[in-house]
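Asker: Once you've had a glance at the structure underneath, I'll fire off some questions.
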Amino acid sequence: MKNLFKTLAAGCVFSALTCHAAGADKIVFGIALEPYPPFSMKSGSGDWSGFEPELIKALCERMQAQCPLKEVAWDGLIPALQSSQIDVILNSLSITEEREKVIDFSQPYYQTPAMWVADQSLELITTPEGLKGKVIGVQGSTSNATFAKTYYAKGSTLRYYTTQDDMIADLQSGRIDVMLADALTIEPVLKSATGAGLADKGLAPRDPLFGSGIGAAIRKGDRALQERINTALASLKADGSYDKIRSRYFSVDISAQ
């Protein structure tokens, strides 16, 4: 029976339920309803897996906390945090000056550039002038969307999507000419059957609009929780646990230095 409990604890996966720690406090993590592989994926039985659910589990073990996941639409995550429906967003949210006006962040736990993607036969110059007259797809409420709106809205048509899958489908069907997406999520797609006919058209330049990396979002002024998460994250990095999790999903180092 003792070994059985050890096995169950080691194999705990995220669903609507919680991985429990005896006597632990509860920290509710918000996760977008829309899957974002390989960062977050949902099985038919409702279990969440991927880089970020696994990182949440490891962080909560270090914090000795119960951490249920609450599913929220992507564009409702920040409002849910502000209204105390959830306590943390660890869901590929970029740290930007605009967001830091209304919420706080942990230290960044990963970083990713933005990649332009289009039909492999299409030659593109991805400057605002080069994409003038083109229809550009971006996922709404992201730093990619902010970047595209700031520099490309004047000469191009922007189309906003809830999921990357929908954006890819429209790109392949010709409803949009090019899309801007996180390189880490789109690279595996380009190597799979899902990304047939599509190709990397270059990275967007570094820009403050993309923020300083991806961090866990916390309610404004919650210094105690911010410090707990930062301490747990530093611990995972120091003993190699972060790299073990990362290596299951990415072949390159994505940690924010």
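The values are calculated or read from the model by the stated rules, or taken from the named source; none is laboratory data. What you are looking at is a predicted structure, and each value in this text was computed from that prediction instead of being measured. Cβ: placed from backbone, ideal geometry, glycine included. Neighbour counts: every protein chain shown. Heavy atoms of the whole protein, side chains included, go into the accessibility calculation; ligands, DNA and RNA do not. Shrake-Rupley method; radii C 1.70, N 1.55, O 1.52, S 1.80 Å.
Asker: How long is the stretch 57-108 along each principal axis, judged by its Cα atoms, biggest number first, in Å?
Answerer: Ordered largest first, the stretch 57-108 gives principal extents of 32, 23, 17 Å.
Asker: Find the centroid of the Cα atoms in the stretch 148-195 and in the stretch 58-127, then give the distance between the two in whole Å.
Answerer: Measuring centre to centre over Cα atoms gives 18 Å.
Asker: Points 7 angstrom from Cα along the Cβ direction at residue 224 and residue 132: gap in nanometres?
Answerer: 5.7 nm
Asker: Contour minus end-to-end for residue 120 and residue 160, with contour as 0.36 nm per residue of separation and end-to-end as the Cα-Cα distance?
Answerer: 12.2 nm
Asker: What percentages make up the Cα-Cα pair-distance distribution of the stretch 79-135 when the bins are 5 Å wide from 0?
Answerer: Bin by bin from 0 Å, the calculated values are 4, 12, 19, 15, 9, 12, 13, 11, 5, 1.
Asker: Between residue 239 and residue 75, what FRET efficiency comes out of the Förster formula 1/(1 + (r/R0)^6) with R0 = 30 Å and r the beta carbon distance, rounded to 0.05?
Answerer: 0.25
Asker: Okay, helix-only estimate at 222 nm for the chain: each DSSP H run of n ≥ 4 adds -39500 (n - 2.57), divide by all residues, round to 500 deg cm²/dmol; what do you get?
Answerer: -9000 deg cm²/dmol
Asker: Under a crude label model (7 Å from the Cα following the beta-carbon direction), how far is residue 206 from residue 149 in nanometres?
Answerer: Going by the 7 Å Cα→Cβ label model, 2.5 nm.
Asker: Report the one residue of 66, 153, 139 whose Cα lies farthest in the direction of the positive end of the charge dipole of the chain (charges on C-beta: Lys and Arg +1, Asp and Glu -1; origin at the Cα centre).
Answerer: Projecting each Cα onto the dipole axis, the largest value belongs to 66.
Asker: Sticking with this one: Using only the alpha carbon atoms of the chain, find the Kirkwood hydrodynamic radius as the inverse mean reciprocal pair distance, in angstroms to one decimal. The partial results should precede the final answer.
Answerer: Working: mean 1/r = 0.0520 Å⁻¹.
By the Kirkwood definition, the hydrodynamic radius is 19.2 Å.
Asker: On average, how much accessible surface per residue is there in the stretch 54-170, in Å², for a 1.4 Å probe, leaving out ligands, DNA and RNA? Before the final figure, lay out each step's value.
Answerer: Details: 5270 Å² over 117 residues.
That works out to 45 Å² per residue.
Asker: Using 0.36 nm times the number of residues separating residue 231 and residue 196, minus their current alpha carbon distance, what extension gain do you get?
Answerer: Fully extending the segment from residue 231 to residue 196 adds 8.4 nm.
Asker: Have a look at the stretch 32-118 and give its Rg and Dmax from the Cα atoms, expressed in angstrom.
Answerer: Every Cα atom of the stretch 32-118 included, Rg and Dmax give 13.7, 45 Å.
Asker: Considering only the other residues whose Cβ falls under 14 Å of the Cβ of residue 174, what net charge follows from Lys and Arg at +1 and Asp and Glu at -1?
Answerer: Local charge sum for residue 174: 0.
Asker: What's log10 of I(q)/I(0) for the stretch 129-241 at q = 0.18 Å⁻¹, Debye sum over Cα points only, no solvent?
Answerer: Treating every Cα as an identical point scatterer, log10 I(q)/I(0) equals -0.96.
Asker: Also: Identify the residues of the stretch 172-204 with backbone N under 20 Å of a label point that sits 7 angstrom from the Cα of residue 251 along the Cα-to-Cβ direction, or state none.
Answerer: Answer for this model: 182-203.
Asker: Could I ask something else about it? Taking the Cα centre of the stretch 139-257 as the origin, how large is its charge dipole in debye, to the nearest 20, when only Lys and Arg (+1) and Asp and Glu (-1) carry charge on their Cβ atoms?
Answerer: Approximately 300 debye in magnitude.
Asker: While we're on this one: How large, in percent, is the carbon and sulfur part of the accessible surface of the chain at a probe radius of 1.4 Å?
Answerer: Answer for the chain is 52 percent, counting heavy atoms of protein chains only.
Asker: Mean separation of Cα pairs under 8 Å and 6+ residues apart, divided by the residue count of the chain: what relative contact order is that in percent?
Answerer: On the way: 459 pairs, mean separation 65.0, N = 257.
This gives 25 percent for the chain.
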